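Before any comments, here is the structure.
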Amino acid sequence: MLFFEAWELFREPTLAGACAGATLGLVGVWIVLRGMVFLSATLSQVAGLGVASALVAAPVLGFSSPGLGAVVFALCAALSLSLSARSGKASAD
């Protein structure tokens, strides 16, 4: 009963989790049906590489932005994968 007594504290996280669960469930089904399962795994790995690279390059650049590194690396990977799939050099997955 303690959870519902503190509902004011847990209202937004609970609603955000429910919305994320519903949205990501639908997106997951769409990804599997399109056959793009390995693409999502690839982009998450490349984003992790971007975080690590940003942290390693922080002393050289003078600032550290792991989120920016993840976004830049993921966008570059998505662009290169998209261009290679369109040119016929690689399959869509």
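The values are calculated or read from the model by the stated rules, or taken from the named source; none is laboratory data. Since this is a predicted model, take the numbers as computed values, not measurements. We place every Cβ from the backbone using ideal geometry, glycine too, and count neighbours over all the protein chains shown. These area figures cover heavy atoms from the full protein model, side chains too; ligands, DNA and RNA do not enter into them. Shrake-Rupley method; radii C 1.70, N 1.55, O 1.52, S 1.80 Å.
Taking packing as the residue-averaged number of other Cβ atoms within 10 angstrom, the listed peptides 36-42, 68-74, 18-24 run from highest to lowest as 68-74, 36-42, 18-24. Each residue of segment 78-87 is assigned a 3J(HN,Hα), and the resulting list reads 5, 5, 5, 5, 5, 5, 6, 6, 5, 7 Hz, derived from the Karplus form 6.51 cos²θ - 1.76 cosθ + 1.60 (θ = phi - 60°), x at Gly and Pro. Carbon-plus-sulfur accessible fraction, segment 2-74 (probe radius 1.4 Å, protein heavy atoms only): 79%. Among 4, 10, the sequence by solvent-accessible area, most first, with a 1.4 Å probe is 4, 10.
Normalised per residue, the accessible area of the chain is 75 Å², obtained with a 1.4 Å probe and no contribution from ligands, DNA or RNA.
Computing Kirkwood radius over Cα pairs in Å directly from the structure and comparing it against (i) 12.7; (ii) 14.5; (iii) 16.2 singles out (iii).
Take the Cβ atoms of residue 27 and residue 85, set R0 to 30 Å, and the FRET efficiency comes out at 0.95. Remark: segment 7-15, residue by residue, has Karplus-estimated 3J(HN,Hα) of 4, 4, 6, 9, 5, 5, x, 5, 5 Hz, where x stands for each Gly or Pro and the curve is 6.51 cos²θ - 1.76 cosθ + 1.60 at θ = phi - 60°. Rounded to whole numbers, the Karplus 3J(HN,Hα) couplings from phi for segment 33-41 are 5, 7, x, 10, 5, 6, 5, 5, 5 Hz, using 6.51 cos²θ - 1.76 cosθ + 1.60 with θ = phi - 60°, and x at Gly and Pro.
Pull out the extension gain between residue 78 and residue 44, defined as 0.36 nm times the separation in residues minus the alpha carbon to alpha carbon distance; nm, one decimal.
Working: separation 34, 0.36 × 34 = 12.24 nm, distance 1.07 nm.
Using 0.36 nm per residue and subtracting the Cα-Cα distance, I get 11.2 nm.
Are there any trypsin sites (Lys or Arg not before Pro) in segment 19-93 that are in a DSSP loop and have at most 10 other Cβ atoms within 10 Å? List them by number. If you can, show how the numbers build up before the last one.
Values: sites: 34, 86, 89; in loops: 89.
For trypsin sites (Lys or Arg not before Pro) across segment 19-93 that sit outside H, G, I, E and B with at most 10 neighbouring Cβ atoms in 10 Å, the list reads 89.
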